[in-house]
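Trainee: Take a look at the following structure, please.
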Number of protein chains: 2
Amino acid sequence: MQKRGEDTRTHILEAAQNLFSQMGYDACGVADICQAAGVSKGAFYHHFPSKHAVFMELLEGWLEKLDEQLLAFRAQSADIPSALLLMSGLMNELFQRATSNLPIFLEVWRQACRDNEIRREISAPYFRYQAFFQSMIDEGISEGSLKAVDVQLVSRTIVALGIGILIQGILDLDGADWQQVTRGGIELLIQGLTN
Amino acid sequence: MQKRGEDTRTHILEAAQNLFSQMGYDACGVADICQAAGVSKGAFYHHFPSKHAVFMELLEGWLEKLDEQLLAFRAQSADIPSALLLMSGLMNELFQRATSNLPIFLEVWRQACRDNEIRREISAPYFRYQAFFQSMIDEGISEGSLKAVDVQLVSRTIVALGIGILIQGILDLDGADWQQVTRGGIELLIQGLTN
């Protein structure tokens with residue numbers, strides 16, 4: 001029974017991922033997802049309270065790999081500046097994922113403008129990355145690889161660089177090697193944090 | 001006649017601005033704009049080829065003031081680092097404008113995912129700001145206030161900071177004084193550009 005439940009869950013997630021891309025998030029209803037996944041509405045609502053909950057689980061799935069890579073890079077680096085430079089190498093992958101899911105993000109974000117609960121949920125990963133980089137900067141100051149700085153300011157600047165380069169990459173697809181721009185921007189920032 | 005034509009144009013723009021906010025960009029048609037502005041469809045199409053053209057003129061109007069302020073700050077500053085710090089003070093205003101028009105931006109951007117012409121048009125202001133900061137960094141290197149750096153990289157990093165802080169401010173409205181974060185981020189960057 002456990003196994004069949006997991007299969008149903010996976011079918012729903014896979015069907016939703018395809019339909020959100022093909023039809024658009026708004027246009028795709030729970031009935032469409034059920035039909036494509038070959039499950040009943042009862043089975044759907046047994047696993048997910050809403051279409052939005054399916055989106056959130058897809059989003060968490062997309063970010064899971066990024067989280068693992070960030071943690072692995074931090075663990076394998078000799079110090080925080082090296083870890084930050086290593087992390088800039090994740091931009092291309094992040095960029096591909098963001099580009100292919102951009103229309104879905106835009107529609108969900110549009111919903112978040114009208115619905116505070118959705119707004120809170122889609123903001124959660126942002127706060128996680130903010131806290132992650134804050135703890136890295138704290139560690140860099142403790143280990144002496146970074147000078148004493150405002151850790152919140154620096155983590156927000158790092159997150160800003162990431163988001164801002166991602167969006168420039170989307171606006172100007174072939175305009176630059178955006179992974180190299182990320183690395184260069186992080187290098188500039190590290191120079192400001194070490195001199 | 002000239003005067004009446006300008007009035008019609010202004011009425012259309014004002015009506016569209018209100019309706020895009022109230023109804024949403026997608027839901028609002030040319031017929032709605034004509035009715036609210038009290039003009040005929042013929043008059044509308046005399047002034048604008050499409051609803052998208054109305055949006056682009058509104059966008060250019062919103063950015064015009066920003067452009068003027070950027071140019072004024074550059075003109076009145078003793079050197080490029082001072083000009084960049086002064087410019088960080090524009091974030092709050094930019095932020096208010098971006099927040100109130102966010103739903104419209106998201107819908108137009110969603111359209112740009114399907115339509116390359118719209119994509120090209122909404123990317124145009126981005127390229128303008130990129131070129132503007134590039135010329136500033138060039139000037140900073142010439143005047144000796146900045147060290148010799150990759151000007152494209154630095155202008156992309158500055159634009160990334162601006163976009164990334166704007167989006168964090170939208171996700172985390174009351175989480176920080178975002179204008180102060182912008183100033184702090186620019187200060188860090190300048191340290192990296194001058195040491």
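Trainee: Let me confirm something: among B:PHE55, B:PHE105, B:PHE20, which residue is in the same structural domain as B:GLY140 (by TED's automatic domain parsing) and touching a helix residue (DSSP H, G or I) at 6+ places or on another chain (Cβ under 7 Å)?
Mentor: From the options B:PHE55, B:PHE105, B:PHE20, the qualifying one is B:PHE55.
Trainee: Just to be sure, is B:GLY184 closer than 25 Å to B:LEU63 by Cα, within 7 Å of another protein chain (Cβ to nearest Cβ), part of a helix (DSSP H, G or I) and in contact with a helix residue (DSSP H, G or I) (Cβ under 9 Å, 6 or more places away or on another chain)?
Mentor: The answer is yes for B:GLY184.
Trainee: From the list B:SER123, B:SER145, which residue is closer than 26 Å to A:ARG110 by Cβ and of a type in the set (Ser, Thr, Tyr)?
Mentor: Among B:SER123, B:SER145, only B:SER123 is closer than 26 Å to A:ARG110 by Cβ and of a type in the set (Ser, Thr, Tyr).
Trainee: Taking the stretch A:132-149 on its own, how many of its residues are acidic (Asp, Glu) and loosely packed, with under 15 Cβ neighbours inside 10 Å?
Mentor: 1
Trainee: Out of all the residues in the stretch A:121-131, which are surrounded by fewer than 18 Cβ atoms within 10 Å (Cβ to Cβ) and hydrophobic (A, V, I, L, M, F, W, C)?
Mentor: A:ALA124, A:PHE127, A:ALA131
Trainee: Okay, moving on. From the list A:GLN134, A:GLN96, A:GLN152, which one is within 15 Å of the chain's Cα centre (by Cα) and without any contact (Cβ under 8 Å) to a residue 60 or more places away in the chain?
Mentor: Numbers: A:GLN134 fails: within 15 Å of the chain's Cα centre (by Cα); A:GLN152 fails: within 15 Å of the chain's Cα centre (by Cα).
A:GLN96 is the lone residue from the list that is within 15 Å of the chain's Cα centre (by Cα) and without any contact (Cβ under 8 Å) to a residue 60 or more places away in the chain.
Trainee: Hey, can you tell me all the residues within the stretch B:126-145 that are within 11 Å of another protein chain (Cβ to nearest Cβ) and either polar (S, T, N, Q) or closer than 16 Å to B:ASP79 by Cβ (or both)?
Mentor: B:GLN130
Trainee: Sticking with this structure for a sec: Can you find a residue in the stretch A:163-176 that is surrounded by 18 or more Cβ atoms within 10 Å (Cβ to Cβ), over 16 Å from B:GLY162 (Cα atoms) and charged (D, E, K, R)?
Mentor: no
Trainee: Please state which one of B:ALA16, B:ALA83 is among the aliphatic types (A, V, I, L, M) and closer than 30 Å to B:LEU161 by Cβ.
Mentor: Unique residue meeting the criteria: B:ALA83.
Trainee: A:ARG156 - would you say it is among the basic types (Lys, Arg) and over 20 Å from A:LEU84 (Cβ atoms)?
Mentor: No; evaluated as a whole, the condition is false for this residue.
Trainee: I've got another one for you. Within the stretch A:125-142, is even one residue part of a helix (DSSP H, G or I) and among the basic types (Lys, Arg)?
Mentor: Within the stretch A:125-142, one or more residues are part of a helix (DSSP H, G or I) and among the basic types (Lys, Arg).
Trainee: Exactly one of (1) surrounded by 21 or more Cβ atoms within 10 Å (Cβ to Cβ); (2) touching a residue at least 24 places away in the same chain (Cβ under 8 Å); (3) over 19 Å from the mean Cα position of the chain (by Cα) is unmet by B:LEU188. Its number?
Mentor: Every listed condition holds for B:LEU188 apart from (2).
Trainee: When the residues of the stretch A:155-174 are narrowed to those that are at the interface with chain B (Cβ under 7 Å from one of its Cβ atoms) and without any contact (Cβ under 8 Å) to a residue 24 or more places away in the chain, which ends up farthest from A:PRO125 (Cα to Cα)?
Mentor: Per the criteria, the residue is A:ASP172.
Trainee: Right, next: Please identify the pairs in which a residue from the stretch A:77-90 that is charged (D, E, K, R) has its Cβ atom under 9 Å from the Cβ atom of a residue that is surrounded by 17 or more Cβ atoms within 10 Å (Cβ to Cβ), counting only partners at least 6 apart or on another chain.
Mentor: A:ASP79/A:GLY140; A:ASP79/A:SER145; A:ASP79/A:LEU146
The values are calculated or read from the model by the stated rules, or taken from the named source; none is laboratory data. Since we're looking at a predicted model, the values are computed, not measured. Don't worry about glycine lacking a Cβ; one is built from the backbone with ideal geometry, like all the others, and counts go over all protein chains shown.
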